[in-house]
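The next block holds one structure in the form of structure tokens; read it before the comments.
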């Protein structure tokens, strides 16, 4: 994925099958997308110096990491995330019916 459309960039979230992330995604399907906040956080990760975690929060509750920006785009976006220049939104939870759940997020550059 990774489509640009009217100033927005859409991407799948990587790493969604680890830990309790599938359970978290299943729970997210219950909520209106407008009630889900997405926060991108550049991590100090020895495996990937450009790692950007994708955290979601519903109704002001504790954030939960559902995965990461894919490595293929993280190098480009990580510096913008660190500078606070990226706004993110959960566009949809994908999969189900016997398939692993996934997430698609929308990234937009914030005004400087």
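The values are calculated or read from the model by the stated rules, or taken from the named source; none is laboratory data. Since the structure is predicted, the reported quantities are computational estimates derived from the model, not experimental observations. Here the Cβ positions follow ideal geometry from the backbone for every residue, glycine too, while neighbour counts run over all protein chains shown.
Given the condition under 18 Å from residue 7 (Cα atoms) and loosely packed, with under 14 Cβ neighbours inside 10 Å, answer yes or no: does some residue in the stretch 80-92 qualify?
yes
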Pairs with Cβ under 8 Å, 6+ apart, first in the stretch 64-79 and at positive phi, second in a helix (DSSP H, G or I) and at pLDDT 95 or above: 67/21
Whichever residue in the stretch 36-48 is surrounded by 12 or more Cβ atoms within 10 Å (Cβ to Cβ) and out of contact with any helix residue (DSSP H, G or I) (no Cβ under 8 Å at 6 or more places or on another chain) and, among such residues, is modelled with the lowest pLDDT: 45
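Look through 28, 107 and report the one residue that is touching a helix residue (DSSP H, G or I) at 6+ places or on another chain (Cβ under 9 Å) and at pLDDT 95 or above.
Working: 28 fails: touching a helix residue (DSSP H, G or I) at 6+ places or on another chain (Cβ under 9 Å).
After ruling out the rest, the residue left standing is 107.
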Selection status of residue 74, more than 18 Å from residue 94 (Cβ to Cβ), in contact with a strand residue (DSSP E or B) (Cβ under 8 Å, 6 or more places away or on another chain) and not in a strand (DSSP E or B): yes
